[in-house]
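Have a look at the structure below before the remarks.
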Amino acid sequence: MELAYSLFTFTVEVLIVSFILVAAFAIYYDFAYSEIPPGVEQPRKLRILHCLLIMSMILGKILERLGFYSEINFIRYAQERKNLGKDPKLFIQDLQFEEVPVRIYQPSALTAGQRRGLIYLHGGGWMFGSINSYDRICRYLAKESETVVLSVGYRLAPEQKYPSQFRDCLTASVHFMRTAEDYGVDSARIIISGDSVGGTLAAAVCHALVCRTDLPKPLAQILIYPGLQAIDFYLPSYQQNHAVPILYREQVIGCCLQYLEVDSSALKNVIEGSHVPLDMKLKYGRWINPDRIPEEFKNRGYKPHLSTSYLDEVHEVVKQALEPTFSPLLTEDSIVSRLPMSYILTCEYDVLRDDGLLYKKRLEDSGVPVTWYHIKEGFHGVLYLFDYGILSFPSGKKAVDDIVNFLKSL
C-alpha cells in the first residue's frame, strides 16, 4: 500500500513538473518569437491564448514521440468544442450530402415564406476545424439572422490533399442549392461564406457556381479574413504582422506546403517568391500589387521587396498554389465581373489583411458591390473567439453581429 502511494505521488509530481516546464517553454516562445503591437485588443489575453495553443502543440509532439497520438489529431482534439445539443429555437440535423458530412440549422419559428440560406465553410488551415468546433458560430448566425445555415464538414489535410477540400465544399454547396426547398430555403437566396481558409474555399466555390447555368446564381458571398493568393508574401500586412499571434507568416506558408504535400524545405524560397515565373508576376501584378493597397495601411511600416531569382524546381513542386481554386485572386476577369454582392471582413493585425483589401479593390473595379468591415484592433481568428468564455474578445462579437446585419439586409 505504501509503495503504491509512493508511486502515485511520484507520478503526480512528474506530471506537475512536466506541465510547469511545458508552460514555461510556451511563455518563453511567445515572448521570444511573437510581436503584439500596441493597438491589438486585450494583448495580455491574446498572449495567454497563444501560450495555450503553443502548449497544445508541444503536448501533441510529446504524445506523438511516445507513440500515443499523432500531433495533428491531438491538436484537433484539443480544439474540438462540445456539441451543445438541442436548441428550442433551432431544428438541427446531421446529414450526408453525397458522402460529405453537413449540419443544417433551421430556425424553428414559423415564417410566411422561404428563408435565405447560408453555406458556412469553416477555417483551420485546411488541417483543423470541424462542424462541432464551429457549432456556436453557426447556431448564432442561424438564430440571430433567422437564416437556414449549412455547415460543411469537408475532409482535412494531410490525410486528404488538395483539391479534395474544394471539391467537398463545392459538392455540398451544389447539393444544397438543388434541394434548398426541402429545408425551407429559397434557392435564389443562398449565400456562400467562410472564415480564414474557409473564406478561401468560399471564394473558390462562389467562382465555380457563377459559371454554372444549371443552378441559380449565389445571392452573395461573405469572406472573413480570407487567404486569397500565394504569390506575394511581402505585402504590407505580411511585413507588419509577420509574428502577430495567432497566425505567423511562416505558419501560413507552412500550412500551404502541408496542404500540397510539399516538403517544408521549400518554405524560404516560397516566402521570397522564387516559385513564381516572371510572366505570372507580370500578369497578376495588375491585381496583386502593394500600389493597390491604400496608403493608410502602410503607415505601420512597409519596404518594397525585391524578389529573388525564379527557381523552376520550386515552382514545379508548389505550382498548384497558383491555381485559382487555391488562390482565388488569380481568377480571370470574366468570372470576377459575374460575382454577386460581397461582404469582406479584415483585421488590422492579420497577415491576411491585404489579401482581403486587394480582393475588395478588384471586385469594386469590376463593378461588384462590396460591403467592407474592418476591425481596427482585431487579429486573425478573432471572430471564432466571439463566444469563447473568458477568452472571448469584444471585437469578435461586434464582427459576428455585423455579419448578422448584412444577412438581414439581403
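At a glance:
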quantity: Distance cut-off 17 Å, percentage of C-alpha pairs in the stretch 235-369 lying past it; calculated: 63
quantity: Net +/- balance of residues flanking Pro37 in space, Cβ distance below 9 Å, scoring K and R +1, D and E -1; calculated: -1
quantity: The chain - Rg over Rh from alpha carbon coordinates, Kirkwood radius; calculated: 0.98
quantity: Volume of the Cα convex hull of the stretch 139-208, divided per residue and given in Å³; calculated: 97
quantity: Too-long pairs where the Cα-Cα distance tops 30 Å, listed order kept, from Lys360/Lys408; Lys217/Lys360; Lys161/Lys376; Lys361/Lys408; Lys281/Lys361; Lys89/Lys360; calculated: Lys161/Lys376; Lys89/Lys360
quantity: Fully extended contour minus Cα-Cα distance, from Gln96 to Glu316, at 0.36 nm per residue; calculated: 75.6 nm
quantity: Globularity index of the stretch 80-121, i.e. its alpha-carbon radius of gyration over 2.2 N^0.38 Å; calculated: 1.34
quantity: Order of Leu247, Leu90 - criterion: other Cβ atoms within 10 Å of each residue's Cβ, fewest first; calculated: Leu90, Leu247
quantity: DSSP-defined antiparallel bridges as percent of all bridges, the chain, nearest 5; calculated: 30
quantity: GNM result for the chain, Cα springs below 10 Å: residue of Ser196, Ser337, Ser237 fluctuating most strongly; calculated: Ser337
quantity: The chain - mean residue ellipticity at 222 nm from DSSP helices (-39,500 (n - 2.57) per run, n ≥ 4, rounded to 500); calculated: -13000 deg cm²/dmol
quantity: Segment Gln42-Leu63, length gained on full extension (0.36 nm per residue, minus Cα span); calculated: 4.4 nm
quantity: Gain upon complete extension [Lys398, Ala78; 0.36 nm per residue less C-alpha separation]; calculated: 112.6 nm
quantity: Charge tally in the Cβ shell below 11 Å around Val210, where Lys, Arg are +1 and Asp, Glu are -1, Val210 excluded; calculated: +3
quantity: Net charge, Tyr225 excluded, C-beta distance under 15 Å - Lys, Arg +1, Asp, Glu -1; calculated: -3
quantity: Fluctuation leader among Tyr234, Tyr154, Tyr29 - the chain, Gaussian network, Cα springs under 10 angstrom; calculated: Tyr29
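No value in this document is a laboratory result; all are computed from the given coordinates. Remember, predicted model here, so these are calculated numbers, not experimental data. Note that each Cβ is placed from the backbone with ideal geometry, even for glycine, and that neighbours are counted across all protein chains shown.
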